[in-house]
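The values are calculated or read from the model by the stated rules, or taken from the named source; none is laboratory data. Keep in mind the model is a prediction, meaning the values are calculated, not measured. Cβ sites come from the backbone with ideal geometry, for glycine too, and all protein chains shown count toward neighbours. Heads up: the accessible areas ignore ligands, DNA and RNA and are worked out on the full protein's heavy atoms, side chains in. Shrake-Rupley method; radii C 1.70, N 1.55, O 1.52, S 1.80 Å.
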Number of protein chains: 2
Amino acid sequence: VQRQHESEIKALLDDLHPADIAFILESLPKTERQAVWQLVGTEHDADVLLEVDDWVRESLIEAMDRQDLVAATETLDADELADLAPDLPPDVVAEVQKGLTEDERAQLIEAMGYPEDSVGAIMDFDMVRVREDTTLKAVLRYLRRMRELPDHTDQIFVVDRQGRLQGTLSLSRLLVGDLKSKVQDVLSPDYLSLSPLDSDADAARAFERYDLVSAPVVDDQGRLVGRVTISEVVDVIREDSEEQALSRAGMQEEDIFAPVGMALRNRAPWLFLNLCTAATAAFVASQFEDTVSHIVVLAFLMSIVAGIGGNSGNQTMTMIIRALAMGRITGHNVWQLVKREMTITVLVGLCGSVGAALFAWLISRSIPVALVMMAAMVCNMLVGTTIGVLVPMLRARFGKDPAMGSSVLLTFATDSLGFFIFLGLATLFLL
Amino acid sequence: VQRQHESEIKALLDDLHPADIAFILESLPKTERQAVWQLVGTEHDADVLLEVDDWVRESLIEAMDRQDLVAATETLDADELADLAPDLPPDVVAEVQKGLTEDERAQLIEAMGYPEDSVGAIMDFDMVRVREDTTLKAVLRYLRRMRELPDHTDQIFVVDRQGRLQGTLSLSRLLVGDLKSKVQDVLSPDYLSLSPLDSDADAARAFERYDLVSAPVVDDQGRLVGRVTISEVVDVIREDSEEQALSRAGMQEEDIFAPVGMALRNRAPWLFLNLCTAATAAFVASQFEDTVSHIVVLAFLMSIVAGIGGNSGNQTMTMIIRALAMGRITGHNVWQLVKREMTITVLVGLCGSVGAALFAWLISRSIPVALVMMAAMVCNMLVGTTIGVLVPMLRARFGKDPAMGSSVLLTFATDSLGFFIFLGLATLFLL
């Protein structure tokens, strides 16, 4: 029965798109995943390996023997092989390399040499190139001989004898153009080209802004070395946004079926860091033990001051990080921006602190406590705004990712200083 | 001099891509933005209006007189006009409508009728359609007569006499195919089609998964009504991720140069909501005034318990929201997932609480306080995990966005219950 079941699953899998098979494998716990993987037809192996997320790929490769791996990977293009190579056993890579042409081997080495977040790491080598002195008719004949064009070919690249890019020719122009005209007369010389060392995020922004489907990649001598297509760019955009969401919670990518030990290593450092900052803030507050023991109600109000400062700073910080990411902040407008954020904070703070003061009065029945609450809250919100503006801008200034770690620093400042300001004011005016 | 300056800027602007002009306008404060906008050549007006963000568009339209608006918008396609229409004065829309053909007017009304996040709202009508019984040669002749193909035409659509979609024919296949063969013999019948009422996020996931450049949109009778292109999809992906980042900080899209009053309306509700939850938590804690006045050090430790519970719950919640968004959570695996998250929390909690207990001992020199700290911290982290799993899953179950508002509920629970558990345990065991 089990066997019959298996053959049904196998038949189902064979009809699916490799991306769908990848999705199913990603949604299964490890043992079931490896069992289903055995049922996937070998002709799909390579495509599925390329589609799945990194953490799933490892477990799939683990379940394959050397021979299967070689069989699956020897059909790959150089750029695809470069994507998989870090996860493959070195002897498999060596074996598969032997089957490559010299050109492909050079491409493989080139693709593997670029840093992870660069254009070089996402480019492929599947380009159609033509010379500028051919006629459209000859180009069409040439394409017809290829029998199949590379995926996402919306334009072909026009190069000179030295392989330097001269311009691009879109398929639509090729289709509607006069057959007798020469490529050089219809090419668009006004194209966007990337360098292999550009960041993939910059490339993604260019694709978004100019609505591109593909873009040529040229080296510093202007020679065409590869192209980037929208399908890689969409992955970059999606991954960047997921990475941001996860890093805000102090995590890296994690499989919902990843072993518990891996999850611990992923999550514990962040919690430990937060424990340290919270303990430091608590230590700051404990210096005012005397004050608190005289007016116990301060103990319950101080966390409100800290929390609202953090929330308000977080709004400013989110705005600033976003504006930085879009290149909206210049030396010219930065002061205007700071002034604007400060004004907003003071205005929101004044309104909000009236509410907070009212609450403080309700539980303490003391007008001085309510006034201290009010003052401390506005001050701490200004602390939050200052950190929210300064930290991302300084990080960006020194070439670091403005988002990373900013939120810990913010919480640290608004907690510690919030306690300090509130209890300090209370010590000065209420004792 | 001012005038000469202006003419230089004008010349510079004329050379730019409309998307670049849009970017510049978005980076300027309102008055300067409107001044520069006057210098943009009228032939770019329509394209720039389509490119800029909503909040900038309003200020640009404000700065144009009726005649300019009509001149700019009468060149637009129906789907583009539908995008702008909500921001245009009604009489301008009425005027421009008069210039449309009957077909275009029907398209405009159709496009304006679909809800904001649907495929209908992002589709366009620029499609090339052919009949299945024509030859490739005839198709090529037909395309050549069009002189220009719509942007992002990677495939043309094959329809029958009633306009029902029969399949798609990619440009590459058209280019390499035998000229004498009929469309019906080379079309791919295995295409992905969307319905105008599908959500744009689902469409985006399909584009990502199958690496599409365009996709046909068909109505419930199978008739081709429009198409979606990757350039709209990239915008959807980017906007969704920005919306998420902003909504996590309790904001909506906000211009860094938006008037302060607008920013207040945008940000104040979130801060007020947080003030209410923080006040409630403080009120819960104040019920233990007696306990705290006996052992003041509890006042400084309680915010650590609350904070770590929130951070730990946030990690779980981020994982769950992400898994839900990717469709990874099924009835089948949900219990396994809950068990896994609980195990991770208990393990991280045990390690972390040893550190927290050590700190508690250091500032209180009391072993019972340290033990209460340990127990409360693990318990509150489990509260965080429970909320982190339950809230997004319940929201998703009832068809709501799992991310929205979840973080407020989480903080509310981990603050209030954190105080309650810690001070409650202290009352039971330390007094």
### Query
Of all the residues that make up segment B:1-23, how many are modelled with pLDDT of 90 or more and either part of a helix (DSSP H, G or I) or of a type in the set (A, V, I, L, M) (or both)?
7
#### Entry: Matching residues in segment B:352-365 - criterion: being surrounded by fewer than 24 Cβ atoms within 10 Å (Cβ to Cβ) and touching a residue at least 24 places away in the same chain (Cβ under 8 Å)
B:Gly352, B:Phe359, B:Ile363, B:Ser364
### Query
Which residue out of B:Asp79, B:Asp68 is more than 22 Å from B:Gln155 (Cβ to Cβ), open to solvent by less than 80 Å² (accessible area, probe 1.4 Å) and among the charged types (D, E, K, R)?
B:Asp68
### Query
Just one of the numbered conditions (1) assigned to a helix (DSSP H, G or I); (2) touching a residue at least 12 places away in the same chain (Cβ under 8 Å) is not true of A:Pro402; which one?
(1)
### Message
Out of B:Gln244, B:Gln252, I need the residue that is within 15 Å of the chain's Cα centre (by Cα) and touching a residue at least 24 places away in the same chain (Cβ under 8 Å). Which one?
### Response
B:Gln244
### Task
Restricting attention to strands (runs of 3 or more DSSP E) lying wholly within segment B:120-239, give those where 3 or more residues are under 22 Å from B:Asp79 (Cβ atoms) and in contact (Cβ under 8 Å) with a residue 60 or more places away in the chain.
B:214-218, B:224-229
### Task
For segment A:203-217, enumerate the residues that are surrounded by fewer than 22 Cβ atoms within 10 Å (Cβ to Cβ) and either touching a helix residue (DSSP H, G or I) at 6+ places or on another chain (Cβ under 8 Å) or among the aliphatic types (A, V, I, L, M) (or both).
A:Ala206, A:Glu208, A:Arg209, A:Tyr210, A:Asp211
#### Entry: Test result for A:Leu347, open to solvent by less than 10 Å² (accessible area, probe 1.4 Å), facing chain B (nearest Cβ under 7 Å) and under 24 Å from B:Ala249 (Cα atoms)
no
### Message
Being touching a Ser or Thr at 6+ places or on another chain (Cβ under 9 Å) and closer than 30 Å to B:Leu273 by Cβ is the filter here; which residues of segment B:202-246 pass it?
### Response
B:Ile237, B:Arg238, B:Asp240, B:Ser241, B:Glu242, B:Gln244, B:Ala245, B:Leu246
### Query
For segment A:270-282, does any single residue satisfy the condition of being under 22 Å from the mean Cα position of the chain (by Cα), open to solvent by 20 Å² or more (accessible area, probe 1.4 Å) and at the interface with chain B (Cβ under 8 Å from one of its Cβ atoms)?
yes
### Query
Which of the residues spanning segment A:345-382 are touching a Gly at 6+ places or on another chain (Cβ under 6 Å) and not polar (S, T, N, Q)?
A:Val378, A:Met381
### Task
Count, please, the residues in segment A:18-57 that happen to be of a type in the set (Asp, Glu) and over 21 Å from the mean Cα position of the chain (by Cα).
5
### Subset of segment B:311-332 that is of a type in the set (Gly, Ala, Ser) and more than 7 Å from every other protein chain (Cβ to nearest Cβ) - its residue that is surrounded by the most Cβ atoms within 10 Å (Cβ to Cβ)
B:Gly313
### Summary
Those residues of segment A:284-310 which are surrounded by fewer than 24 Cβ atoms within 10 Å (Cβ to Cβ), at the interface with chain B (Cβ under 7 Å from one of its Cβ atoms) and of a type in the set (S, T, N, Q) amount to A:Ser286, A:Ser293
### Query
Within segment A:107-128, can you find the residues that are surrounded by fewer than 13 Cβ atoms within 10 Å (Cβ to Cβ) and not acidic (Asp, Glu)?
A:Ile109, A:Gly113, A:Pro115
### Query
Considering A:Ser364, A:Ser407, A:Ser312, which residue is of a type in the set (Ser, Thr, Tyr) and under 26 Å from B:Gly261 (Cβ atoms)?
A:Ser312
### Summary
Of the residues in segment A:47-61, those that are of a type in the set (D, E, K, R) and either part of a loop (DSSP other than H, G, I, E, B) or at pLDDT 90 or above (or both) come to A:Asp47, A:Glu51, A:Asp53, A:Arg57
### Query
Do we find a residue being hydroxyl-bearing (Ser, Thr, Tyr), free of Cβ contacts under 8 Å to residues at least 60 places away in the same chain and over 26 Å from B:Ile320 (Cβ atoms) anywhere in segment A:45-67?
no
